[in-house]
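Below is one structure, written out as structure tokens; comments come after it.
The values are calculated or read from the model by the stated rules, or taken from the named source; none is laboratory data. The structure displayed is predicted, hence computed values, not measured ones. Cβ placement follows ideal geometry from the backbone for every residue including glycine, while neighbour counts extend to all protein chains displayed. These area figures cover heavy atoms from the full protein model, side chains too; ligands, DNA and RNA do not enter into them. Shrake-Rupley method; radii C 1.70, N 1.55, O 1.52, S 1.80 Å.
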Amino acid sequence: MMMLVARADGTISLYDPSRSRPIKSWLSPAGGRPVTRIAWSKTRPAVFFALDAASKLYFFNLLQDEGGPVHTESPQGGAEIAGMCVPDPSAGARGSLKATVCVAFRSGHVQLHTLAGKFSEQVKSEGEEVAALFRRWFEAC
């Protein structure tokens, strides 16, 4: 089990709980702005999402790019995002929900965004590839 940590300087770090130092860090994809929320995908072991203080949402896919986000989204019209979460699709009625990101705006509005297949549909042997990647990072630190 790994743990992602978002830092006030915008850095994101991945920890193995057995170590006090991160096994991998991403240097401020937010341009030095604080990363305020971070969440693993519930359907893809290689994917996680980060939200920064400027309301930018970053999509990471560790199998596509180990160095940083593969996609960035910003709300239209200058809306400010107060928070985000990644609901578990299996928690829906008979597991019928699609993979989504829930975005809460400072205005009080909430939007549920269905994720594109590249961020929601697990590829063959993804779990094993991510485990191998984590082992490589663990051994290198």
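Name the residue that is surrounded by the fewest Cβ atoms within 10 Å (Cβ to Cβ), counting only residues in region 1-12 that are part of a loop (DSSP other than H, G, I, E, B) and not small (Gly, Ala, Ser).
Top of the filtered list is 1.
Test each condition in (1) modelled with pLDDT under 85; (2) closer than 22 Å to residue 14 by Cα for residue 98 and report the one that comes out false.
Of everything listed in (1) modelled with pLDDT under 85; (2) closer than 22 Å to residue 14 by Cα, residue 98 misses just condition (2).
Looking at region 33-75, which of its residues are open to solvent by 30 Å² or more (accessible area, probe 1.4 Å), hydrophobic (A, V, I, L, M, F, W, C) and either closer than 28 Å to residue 136 by Cβ or not in a loop (DSSP other than H, G, I, E, B) (or both)?
Residues satisfying the conditions are 38, 40, 63, 70.
For residue 35, indicate whether it is in contact with a strand residue (DSSP E or B) (Cβ under 9 Å, 6 or more places away or on another chain) and touching a residue at least 40 places away in the same chain (Cβ under 8 Å).
No; evaluated as a whole, the condition is false for this residue.
Does residue 135 fit the bill of being among the basic types (Lys, Arg) and not in a loop (DSSP other than H, G, I, E, B)?
yes
Just for region 1-26: of the residues that are free of Cβ contacts under 8 Å to residues at least 24 places away in the same chain and more than 15 Å from the chain's Cα centre (by Cα), which one is nearest to residue 134 (Cα to Cα)?
1
Take region 76-95 and flag every residue that is modelled with pLDDT under 85, open to solvent by 60 Å² or more (accessible area, probe 1.4 Å) and not small (Gly, Ala, Ser).
Of everything in region 76-95, those that are modelled with pLDDT under 85, open to solvent by 60 Å² or more (accessible area, probe 1.4 Å) and not small (Gly, Ala, Ser) turn out to be 88, 94.
It is to be established whether one or more residues within region 13-27 are assigned to a strand (DSSP E or B), among the acidic types (Asp, Glu) and either at pLDDT 90 or above or more than 19 Å from residue 100 (Cα to Cα) (or both).
Looking for residues that are assigned to a strand (DSSP E or B), among the acidic types (Asp, Glu) and either at pLDDT 90 or above or more than 19 Å from residue 100 (Cα to Cα) (or both), one finds none in region 13-27, hence no.
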